[in-house]
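Have a look at the structure below, then the notes.
The values are calculated or read from the model by the stated rules, or taken from the named source; none is laboratory data. Fair warning: this is a prediction, and the values are worked out from it, not measured in the lab. Ideal geometry is used to build each Cβ from the backbone, glycine not excepted, and the neighbour counts take in all protein chains shown. Please note that ligands, DNA and RNA were not included when accessible areas were found on the heavy atoms of the full protein model with its side chains. Shrake-Rupley method; radii C 1.70, N 1.55, O 1.52, S 1.80 Å.
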Amino acid sequence: MDTVDQKLDEVLNALAYEKIVGGAPKSESDPLLAKLKSLGSEIWVDTGELEKAQNIWKQEMTALTTNNTLANQVVQSGIMDQVIEDTIRKIRDEGLEITEEELVLEVGFVINCKIALRLVQAFKVKVSVELHPSVSRDIERTLHYGRRYFKVCPEFFIVKVPLTPEGYLAVRKLTQENIPINFTLGFSARQNYLAARLSNPDFVNVFLGRLNQVVIDHEAGSGDQVGEKVTLSTQNALIEAREKYKDVQSKLIGASIRSGEQVAFLAGLDVLTIPPKAIKEFQGSGKATNEVISHLNEEIVPGIKTSHPLAKRFPCLWEMPNQFISFVDVLMNENRLDEMQGNELVDFCRKHDMNLFHDFTDTELKQIYNHGKIPCLDNWSESIALDDLMTQSALQSFTKDQNALDDRLRSFLKYELVVYEGYDT
């Protein structure tokens, strides 16, 4: 690391750092949440907004998750404006010459830390902080920012890394350094089984609500329990992997939860990260505690019309064929795993006829970006696996929200330039 980069890291770390003071707040217990906990589920709150978390906090809650979308909501509210101004001013005062894009990335780093630290200070629990999407296809930059986030708050920060070829390989290195990782944007059992075996992050995810929605949007069925089936299948695959391989410790997070009914149905999952609205629905559902039971070992029939032309694209989300497990075994025996690059992992998958990673062109990525987080399957060849397409759509969706956040940061740079040059503001 050269002198300028080292100085920048020192300045940004000092700006982001806060001493954690005080103890955890006293909070009441909730019978339904206590039942989830008794069935083995950790209960996390899915929000970056302190006030929303405070309004629903119960003693059974043990962590919070943030992401680019949630961080953008906080930044757009204006709560972080003073932090943004102070960060830009400090970097300028230190005489550190970096490009505007680098400056935006670094200010965003501080902002993400501050959003998460507000939650840590309030609740004294773990908080997931997500990397900037622009580093998602770069192993070295993922390692760089992952280590920096961890350094700011090693006791409470969990670093969220998005599921890409480079993400798999970067997470492998970060977990070997004992940095806690939440490997995010997963949509299938096979994606997460590969993550657990290859990278062994602390946590993997299924964004289950989006899977239900993609069925509904295409009128391919009711969408009921599609995401739930994928989530429970993934949980069972991870349980088997943890039992068979002593070095595998990855737990599953049920994410993108949309309703209180989903919370109840997923009782027994390793972790449920739940938006405040869905928590309130669950608490107000009128369910008795004995009605909240585990469905882990049940056969789930998803709400997909078998006659629909798109129906055959969905089973890859929950199926774990022996062929795939054998492929992972072969991969794990590769001698160069720790030196492997993203393109080499992609080539290895293709060589073994595994359609985990489609080579999306810039035009295709722009199409996904413009369409939104639920892709239109009619626009994409069946050769592109649904889990891969969903992951890319989620990443582009987060990129859009990150871009909105970055644009707000740039507005402060423009204001600073006007003031500096002495123009009337």
Notebook entry, point to check: Quick one: which of 204, 230, 214 is out of contact with any Ser or Thr (no Cβ under 7 Å at 6 or more places or on another chain), hydrophobic (A, V, I, L, M, F, W, C) and within 25 Å of residue 375 (Cα to Cα)?
Noted result: 214
Next item on the list: Provide a single number: the residues in the stretch 124-138 that are assigned to a helix (DSSP H, G or I) and open to solvent by less than 10 Å² (accessible area, probe 1.4 Å).
Entry: 1
Margin query: Looking for something outside any helix (DSSP H, G or I), of a type in the set (Gly, Ala, Ser) and open to solvent by 40 Å² or more (accessible area, probe 1.4 Å) - is there at least one such residue anywhere in the stretch 34-54?
Written below: yes
Next item on the list: Identify, by number, the condition in (1) part of a helix (DSSP H, G or I); (2) open to solvent by 20 Å² or more (accessible area, probe 1.4 Å) that residue 28 doesn't meet.
Entry: (1)
Check: If a residue has to be out of contact with any helix residue (DSSP H, G or I) (no Cβ under 9 Å at 6 or more places or on another chain) and either at pLDDT below 95 or assigned to a helix (DSSP H, G or I) (or both) to count, how many in the stretch 175-194 make the cut?
Finding: 1
Check: Among 121, 73, 82, which is part of a helix (DSSP H, G or I), without any contact (Cβ under 8 Å) to a residue 12 or more places away in the chain and of a type in the set (S, T, N, Q)?
Finding: 82
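With closer than 24 Å to residue 160 by Cβ and either hydrophobic (A, V, I, L, M, F, W, C) or touching a helix residue (DSSP H, G or I) at 6+ places or on another chain (Cβ under 6 Å) (or both) as the only criterion, which of 285, 259 stands out?
Details: 285 fails: closer than 24 Å to residue 160 by Cβ.
One residue alone meets the criteria, 259.
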Notebook entry, point to check: If we scan the stretch 183-205, do we find a residue that is open to solvent by 10 Å² or more (accessible area, probe 1.4 Å), under 18 Å from residue 299 (Cα atoms) and either touching a strand residue (DSSP E or B) at 6+ places or on another chain (Cβ under 6 Å) or β-branched (Val, Ile, Thr) (or both)?
Noted result: no
Check: Just one of the numbered conditions (1) surrounded by fewer than 20 Cβ atoms within 10 Å (Cβ to Cβ); (2) touching a residue at least 12 places away in the same chain (Cβ under 8 Å) is not true of residue 141; which one?
Finding: (2)
Check: Of all residues in the stretch 201-215, which are more than 15 Å from the chain's Cα centre (by Cα) and farther than 14 Å from residue 388 by Cα?
Finding: 212, 213, 215
Margin query: Six or more apart or on different chains, Cβ atoms under 8 Å: show the pairs whose first residue is in the stretch 378-390 and within 16 Å of residue 208 (Cα to Cα) and touching a residue at least 12 places away in the same chain (Cβ under 8 Å) and whose second is outside any loop (DSSP other than H, G, I, E, B) and open to solvent by 10 Å² or more (accessible area, probe 1.4 Å).
Written below: 386/313; 386/316; 387/190; 387/316; 390/207; 390/210
Notebook entry, point to check: Among 225, 249, which is surrounded by fewer than 24 Cβ atoms within 10 Å (Cβ to Cβ) and in contact with a Pro (Cβ under 8 Å, 6 or more places away or on another chain)?
Noted result: 225
Note to self: Among the residues of the stretch 85-100, are any modelled with pLDDT under 95, within 14 Å of residue 15 (Cα to Cα), part of a loop (DSSP other than H, G, I, E, B) and open to solvent by 60 Å² or more (accessible area, probe 1.4 Å)?
What the structure shows: yes
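Got at least one residue in the stretch 318-341 being of a type outside the set (D, E, K, R) and within 24 Å of residue 272 (Cα to Cα)?
Of all residues in the stretch 318-341, those of a type outside the set (D, E, K, R) come to 318, 320-328, 330-333, 335, 337, 340-341.
The next check asks that each one be within 24 Å of residue 272 (Cα to Cα); those that pass are 318, 320.
Yes, because at least one residue in the stretch 318-341 is of a type outside the set (D, E, K, R) and within 24 Å of residue 272 (Cα to Cα).
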Check: Counting only residues that are in contact with a Ser or Thr (Cβ under 8 Å, 6 or more places away or on another chain) and surrounded by 22 or more Cβ atoms within 10 Å (Cβ to Cβ), which one in the stretch 64-73 is farthest from residue 279 (Cα to Cα)?
Finding: 68
Check: If residue 340 satisfies every condition in (1) closer than 21 Å to residue 228 by Cβ; (2) crowded, with 18+ Cβ neighbours inside 10 Å but one, which is the exception?
Finding: (1)
Notebook entry, point to check: For the stretch 299-327, which residues satisfy the criterion of being exposed (fewer than 15 other Cβ atoms within 10 Å of the Cβ) and assigned to a loop (DSSP other than H, G, I, E, B)?
Noted result: 299, 301, 305, 306, 307, 309, 319, 321
Next item on the list: Examine the stretch 151-164 for a residue that is more than 30 Å from residue 78 (Cα to Cα), crowded, with 22+ Cβ neighbours inside 10 Å and touching a strand residue (DSSP E or B) at 6+ places or on another chain (Cβ under 7 Å), and state whether such a residue exists.
Entry: yes
